[in-house]
1. To two decimal places, what compactness ratio does segment A:296-342 give when its Cα radius of gyration is scaled by 2.2 N^0.38 Å?
2. Which of these, C:224, C:238, C:13, has the largest mean-square fluctuation under a Gaussian network model of chain C (Cα springs below 10 Å)?
3. Residue by residue through D:44-56, how many Cβ atoms from other chains fall within 10 Å of the Cβ on average?
4. Among D:51, D:179, D:227, determine the one that fluctuates most according to a GNM of chain D built with springs between C-alpha atoms less than 10 Å apart.
5. What does the helix-only formula give at 222 nm for chain B: each DSSP H stretch with n ≥ 4 adding -39500 (n - 2.57), the total divided by the residues, and the result rounded to the nearest 500 deg cm²/dmol?
6. Give me the percent of Cα-Cα pairs in segment A:69-147 that sit more than 14 Å apart, rounded to a whole number.
7. Expressed as an acute angle from 0 to 90° and rounded to the nearest 10, what is the orientation of the C-alpha long axis of helix B:317-326 relative to the principal long axis of chain B?
8. Which whole number gives the average count of other chain Cβ atoms within 10 Å of the Cβ atoms across peptide D:226-233?
């Protein structure tokens, strides 16, 4: 059994890590830290875990995590860059679910996150944790930056087209819809039930922090800087992201075959039959990303639909997938859960 | 008081017509027909109307509607084209909420609706009922085709840009999200609560009946055929449409000023301040369409956000707005309801 | 036009007062105060009001409200008892939507609300604002305590049975279900969408602040102290209260006839036909309370079902109903809105 | 591996059986029948199962099921009584999720289900499948009637009190709230999203088919006929039942201790700490029933709160729990899934 710690486990990505790790066949959860909840059983905060773990939150400290093989950071940005280096120096591997190590250009980081990066050496060594695009590097990494929820869906949708050189990289649109759990468990008026139920809206149209991350990664996939319009929307559901991605075709190809062959050996990506419309509920609670590729009628546009559970493949499930790779376990271990439908 | 009839009032656009007309200061509801519910008080089927109307459904017949000044058809496609001509011949004005008279090219109609049009003369005379683009013609019309829900939002979002020649008409995208009431009150599995709650999906990506309607109307606004990608999505909410529209700018302009001046005198269109993100709930139950115009960061794309209540400005409210114009009433009469928020 | 002020209008009962008063035929909204939002247009905070009011929030002060005929307090408990007396001394009538003046026994108030009452004289003079039970007193009152949301539904459901002496007053159960807007617009984790969506729970089973209010009022109706079990539940919907009330019959009677005659002349209470099951959506946005009375099969229990919109008949609509009575207006003025269904 | 068949697997209890059995360590799913979907891959109808099973629906026939050790009936009432006897005669064990074998008194069955029972011999031999109350009989049964969703929650809540003789058996109330998936996957208007979203209502107050089942079982637990008022309500959520059960105490006892000791060794029942309010989401997708026991303030009433997932512990999970017992497997095999929260 590998020994695992979690820093900052009181938010939604934290409880989702707990749900996955409690049922993981090869992982032993050793410590979970929280300054505000220290001493409290995690199953008291999250009653779904009653009977599955006796762990209590502990005060954050290096000592608490010293015996771990790998530690997850499920913290707001700024925490992992401050605390992870000490763990890494002890030989403990780290998967960071926050944004601290996702961006290569630290000026861009400073611009979007409003703080100077305090661990630029580790930022340079960090590996971007999207296994489908980056598996080998993850396997040998000490520090992995788990991707954002929107970036995961958009990359899996658009990377095959960009890598194959079939679309104009300067003209990409990702119109994305997220469930409200993506806003986190912090007490803010905008995420109240009575504010978002039975309503729909866009947000951050003039700029969202996932834009530079997606652009960086799609540019890598394309081998050239991309032009991207990214529009996130808030949807009255708890979990789920639906990305509707538009690109202009510059060459003819069998798009269905391209996607099927690209992801043929991927355990966590499911290319649906031609003509399909994936539903977010089909991946509720599962680590799958489901894709469908369409040609817009009477147009040279390809439309790729991607769904994922923002808390699983978009966050904690993907982080465990990276953990499995980093520790030499079966990549799918603990991640075989079937989507809860209905 | 003008005398009003409704054909086929058991669906959601029917009950919404009733809700509006029961409170209309100048309209008297005289007859509402339904083959399946004849004899039943409408307030029995729709208890929100208890105390507001004593009307009962009656069997469909010309006689039932003979005394009306204007008749609404809230029926599936195919009904109005069969029954409206007889009423029109008696001098009764008609507003059709179905698709029968929206498309100018009857071959296109036949292709998308799977039936030959049976009233081509009236189809040629019908006026498209979007007052903001077509007010004068509506005022003098005998037969008005009330627009579809998606087409209303998309036209109000994109027409100003096309009319001003500021965007490339061949490269338009309308990514639209609708509440489930848009699917109607028919018993179908796909609209069950347990099928659509807490989930999100696209549908009809390879072709939806509102595509030819929107293309027709945007081409009129642009003065040239447009190229449009239209992607509808089903959202787990009851009412509301959110259109996220993308166009490529071909000239510089103050877009905020353009939208504000275009709609300055329009009682039913509200251009929000720069940087806004309209929510569908802000128009829940109201006849307003709220718009916000954004420039995508680092891009030549304009993004226009439009929200409406699909049953009001997207259907029954707009139909009453047309009725008001056709009968010489104040255009806003009965349509001043404030959106129900939260 | 009567001149109206609102103290503390940023919460949900505040925006609902605004929605009703903006459309009220005889009321002019003169001032709305908020310490946190002073200077901001109310339509900026609540975009549904755009085009309906130009009012801005102002700093709370007596001067701001000096010209009003009547002032509503839509504030947390403790505010009205501190600020209302000065207004009352100027001859301004007050309707308090908080709990400050609902309880007759100030020891009970202190016990449940954790503060000593600072205006006991006014507490003694305050009139409980449930028009159906208390109309004459409201008409002549200077200070009205608008009832809580749960107490309104439960009283309208059980008072007829208690007043008629048909049930055992010592054995009453009110199992109540509320939408989440009842928790207010404050930022608290428990009311987040991701916490309450697609889930259901009881709360406050060991004691809820509405228990002493309901007990006090039912005891008045019964003429003897009642025994009441009150169980509130949180329901994943925005608006609406459903009270399921149980009482043991001690005499035979035509219960349907009793309810119909009790409420025959009441504009805001609708007794549905025998066998009905009222839905909360039938009163969404309306000031109606709908009731249905059932005899449990094989039992001496009567089951009364009551639905209301917690923000309208359960709060702001009822407060305006009281305002109408206090100022000699038509009791139903501004309150004729039809429930928004679907 | 035991060999399992499912008759009628297209409904929600069917897909839930599939979700559980696909991940069951000791069960092999051999056949699933459906007249309407024969030939179609089950993963085509339920995309959450893509990658987890290649099974296709087959025409119902004895031959299709001949090799099974146990067959589930997930069919409307009337089917199992007609088809199960032939399978039982071949030595195949049967778990029926429908109502066919739940009621001991076949006159009562006929009265509530409108049909004469066609297999009275098997009805007499059938074992009621609530393991917590009936484990030994289930272990040796050939035919098990899986309980209804409401009856499971109400029995687990009230049986300990009745068995201990602490409450008046003639005065029980079960006020129950169910998610909409309980209405099944049939196309009916009343279960449409736009009909039930953001609304709440009671139904069947004058009589519901689960009333005789609950009464029968509680009478067995009490050792005397009980008097029960049962009120079901429809809640705008997909999964979950919340039972709020009221009983009058006739003796003093430590109720918390009673419940904790009663269920101390039960793997599927979780008695929460005193003062708790269980949420349905804490058991979403899990086979747990969570209970909390309260004393109503100032009253001799005990209030027991019970939550379950109506499709798991209320249907398919419980059916698999029975299967495990009948086939000598670990009772919890395949049922360890953690509730999906948020």
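FYI, it's all coordinate maths here, none of it is from the lab. Being a predicted model, the structure only gives us computed values, none of them experimental. Counting neighbours? That spans all protein chains shown, and the Cβs are built from the backbone with ideal geometry, glycine included.
1. On the way: Rg = 15.7 Å, N = 47, 2.2 N^0.38 = 9.5 Å.
Its radius of gyration relative to the 2.2 N^0.38 Å reference: 1.66.
2. Highest fluctuation of the listed residues: C:224.
3. Numbers: counts 2, 0, 5, 14, 15, 4, 11, 8, 5, 1, 0, 0, 0.
Average neighbour count from other chains, rounded to a whole number: 5.
4. D:51
5. On the way: 12 runs with 103 residues, N = 342.
My calculation for chain B gives -8500 deg cm²/dmol from helical runs alone.
6. When all Cα pairs of segment A:69-147 are counted, 56 percent exceed 14 Å.
7. Here the helix axis deviates by roughly 70 degrees.
8. If you average over the peptide's residues, the count of other-chain Cβ atoms is 5.
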